[in-house]
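The values are calculated or read from the model by the stated rules, or taken from the named source; none is laboratory data. Small disclaimer: the values here were computed from a predicted structure and weren't measured. Virtual Cβ from ideal backbone geometry, glycine too; neighbours counted across all protein chains shown. Each accessible area value is taken on the protein alone, full model and side chains, heavy atoms only, with ligands, DNA and RNA left out. Shrake-Rupley method; radii C 1.70, N 1.55, O 1.52, S 1.80 Å.
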Amino acid sequence: MNANAKVVGLDIAKSVFVAVGQERDGRRVWHRNAKRGEVLRMFREMPAMAVGIEACAGSHYWARELIALGHDVKLIAAQHTRAFVTGNKNDTNDAAAIAEARSRSSTKYVPINTPAQQDLQMLHRARSALMSERVAMINRIRAFATEYGQVFDKGVARFRDGLMAWLADPENGLSGSALMTFRELKEQLDDKEQRILAYERRLNQAAKDELAQRLMEVPGVGPLTATAVLATIADPRHFRSGRDFAANLGLVPREHSSGGKQRLYGITHRGDSYLRTLLIHGARSALRCAGNKTDRQLQWASSLAVRRNFNVAAVALANKMARVIWAILAHGRSYVPVWSNTTRPA
């Protein structure tokens, strides 16, 4: 293996990994396939070097392991490596593209999660999956009930009340088999809701952290959003500014400008879609409850909703919330709803 390699692109997989070593000028000097159990031994024998890994399932684990061996490891979003793939798509060319992206100073990197962050993220994802399954179960029961001429009102609470009343009605016209099936489906729905409540209790416990409490001072940020932020950002200084953090979440306009004419479109939808969704939902809630509150951020969003429309204002407020969250974490501040000369930082 050529020791002149300064940058390594590692394409990870379930079983066979591919590593490509390049010099700083981009010239490929070696490539090697390694089984999962051989990867750490291979990198342990290498001198410390810059390593790039495409951000995907398992990438945070491997990044932490290689950092422990002394390597300078960065995670790269797939959209930043795709442009460097030359020739046909295969694992070797993918690894070479990762190495090329890693050698560029302009490449944007993905923060590497700690094990504690992954624990919290798994809790969020498990709850989110159960929420989706609950919606699917409710829709399934609604569809079955429609076949028997029963339609329930919109909303989870009204649906549950209507379902229970219908099943308890001796004149519902259901056969013994249908009634048993509906009751079994309701038991499955109850089980999912109990599991959701259990996850929410654990998230509320995590939200008692001092940083989470400071984040929850921001209008529209509750326990879910605060803990999701802490699960996403280990080091706020990874982002140069609040705008970089908002851009990482896809909350900035997509641009396609040419010939000196600037064209801005809707938000890019890049980055963590889960956290972006929580911020936008939180912004909608804060905007609906803005009323005559003195919070300058809410006043600005309310005036924007009048000039444009509610959804535009909600997304714009979510962008502002992301910037404020970054400032709180990066500078150790607390949220101040109304600025004055006495509250401005020195």
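Can you give me the three principal axis dimensions of the range 175-222 from its C-alpha atoms, in Å, biggest first?
55, 19, 5
What lysines does residue 89 reach when the alpha-carbon gap must be under 26 Å and sequence neighbours fewer than 8 apart in one chain are set aside?
6, 14, 35, 74, 108
Cβ under 12 Å from residue 248's Cβ, residue 248 left aside: what net charge do those residues give with Lys, Arg +1 and Asp, Glu -1? Numbers along the way, then the final one.
Numbers: positive: 108, 240, 243, 270, 276, 323; negative: 244, 272.
Here the count lands on +4.
Name the most mobile residue of 17, 84, 152, meaning the one with the largest mean-square fluctuation, in a Gaussian network model of the chain with Cα contacts below 10 Å.
152
Among 189, 123, 215, which one shows the highest mean-square fluctuation when the chain is modelled as a Gaussian network with alpha-carbon springs under 10 Å?
Of 189, 123, 215, the most mobile in the Gaussian network model is 189.
Suppose R0 equals 35 Å; then what is the FRET efficiency for residue 281 and residue 42 from their Cβ-Cβ distance, rounded to the nearest 0.05?
Values: r = 45 Å, r/R0 = 1.28.
Efficiency at R0 = 35 Å is approximately 0.20.
Keeping all protein chains in the complex and leaving out DNA, RNA and ligands, what accessible area do you get for residue 67 with a 1.4 Å probe, in Å² to the nearest 10?
Taking all protein chains as shown, residue 67 has close to 80 Å².
About its Cα centre, what dipole magnitude does the chain give when the only charges are +1 on Lys and Arg Cβ and -1 on Asp and Glu Cβ, stated in debye to the nearest 20?
Numbers: 51 positive and 32 negative charges, 264 e Å.
Taking the Cα centre of the chain as origin, the dipole is about 1260 debye.
When Lys and Arg each count +1 and Asp and Glu each count -1, what net charge do the other residues less than 12 Å away from residue 94, Cβ to Cβ, add up to? If you can, show how the numbers build up before the last one.
Numbers: positive: 82, 89; negative: 11, 54, 91, 100.
That sum, taken over residues with Cβ under 12 Å, equals -2.
Can you tell me the FRET efficiency between residue 16 and residue 198 if r is taken as the Cβ-Cβ distance and R0 is 35 Å, rounded to the nearest 0.05? Please list the in-between numbers first.
Values: r = 39 Å, r/R0 = 1.11.
The computed FRET efficiency comes out at 0.35.
Please give the direction-averaged projected area of the C-alpha convex hull for the range 129-217, in square nanometres with one decimal.
Working: hull surface 28.1 nm².
Projected over every direction and averaged, the Cα hull of the range 129-217 covers 7.0 nm².
Which number gives the lysine pairs in the range 147-305 that have C-alpha atoms under 30 Å apart and are eight or more places apart or on different chains?
On the way: 154/186; 154/192; 192/208; 208/293.
Qualifying lysine pairs in the range 147-305: 4.
Mind giving me the FRET efficiency for residue 188 and residue 243? R0 is 45 Å, r the Cβ-Cβ distance, nearest 0.05 is fine. Walk me through the numbers before you get to the answer.
Details: r = 45 Å, r/R0 = 1.00.
Taking R0 as 45 Å, the efficiency between residue 188 and residue 243 is 0.50.
Count the net charge of all other residues whose Cβ sits under 10 Å from the Cβ of residue 334, scoring Lys and Arg as +1 and Asp and Glu as -1.
Numbers: positive: 214, 333; negative: 217.
Net of charged neighbours comes to +1.
Kindly provide the pair-distance distribution of the range 216-346 built from C-alpha pairs, with 5 Å bins from 0 and whole-percent values in order of increasing distance.
2, 10, 19, 23, 20, 14, 8, 3, 1, 0
Full extension from residue 211 to residue 234: what is 0.36 nm times the residue separation minus their Cα-Cα distance, to one decimal in nm?
On the way: separation 23, 0.36 × 23 = 8.28 nm, distance 1.19 nm.
Extending this stretch completely gives an extra 7.1 nm.
If each DSSP helix of 4+ residues adds -39,500 (n - 2.57) and the sum is divided by the residues in the chain, what number results at 222 nm, nearest 500 deg cm²/dmol? Walk me through the numbers on the way to the answer.
On the way: 13 runs with 182 residues, N = 346.
The helix-only estimate for the chain comes to -17000 deg cm²/dmol at 222 nm.
Counting only Cα atoms, I'd like the Rg/Rh figure for the range 19-140, Kirkwood definition for Rh. The partial results should precede the final answer.
On the way: Rg = 17.5 Å, Rh = 16.3 Å.
Looking at the range 19-140, the ratio lands at 1.08.
Need the full-extension length gain, residue 29 to residue 331, defined as separation in residues times 0.36 nm minus the C-alpha distance. One decimal, nm. If you can, show how the numbers build up before the last one.
Working: separation 302, 0.36 × 302 = 108.72 nm, distance 4.33 nm.
This chain segment gains 104.4 nm when fully extended.
In nm, give the distance between the simple-model label positions of residue 166 and residue 254, each being 7 Å from the Cα along the Cα-to-Cβ direction.
4.0
Can you pull the percent of the chain's accessible area that's carbon plus sulfur, 1.4 Å probe, other chains left in place? Write down the numbers at each step before the final one.
Values: 9500 of 19170 Å².
That share works out to 50 percent.
Give the span of the chain's Cα atoms along each principal axis, as three whole-Å numbers ordered largest to smallest.
Reported extents, whole Å, longest axis first: 81, 63, 46.
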